Amino acid sequence: MGDFEETEIINRMESIAYKLRYRRKEGFKDSTLESVCHINEIKYLFGMLDKDLQTEILQKPWLDE
């Protein structure tokens, strides 16, 4: 995997978080395979960031639950 800029990683995380929120509003459970994949991707991307950015991301309103 190539190197990614932090802004690209954050934008991708935000996009996935909104997809999860939409799925919840539509009545999909978080235990579906697609939701689990989205959650795991967010966790993976979160791990790619440095500690300062991780702390900053945890304060973002789009990162719910």
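For region 2-57, the set of residues classified as within 9 Å of the chain's Cα centre (by Cα) and of a type in the set (Ser, Thr, Tyr) consists of Ser15, Tyr18, Tyr44, listed by residue number.
Just so you know, in region 23-53 the residues that are part of a helix (DSSP H, G or I) and of a type in the set (Phe, Trp, Tyr) include one that is nearest to Asn11 (Cα to Cα), and it is Phe46.
A search for C-beta distances below 8 Å between a residue of region 36-59 that is surrounded by 11 or more Cβ atoms within 10 Å (Cβ to Cβ) and any residue that is among the aromatic types (Phe, Trp, Tyr) and part of a helix (DSSP H, G or I), counting only pairs 6+ apart in sequence or on different chains, returns Gln54/Phe46; Ile57/Phe46.
Bear in mind that the values in this text are calculations on the coordinates, not laboratory data. Just so it is clear, the structure is predicted and the values come from calculations on it, not from any experiment. Here the Cβ is made from the backbone with ideal geometry for all residues, glycine too, and neighbour counts use every protein chain on show.
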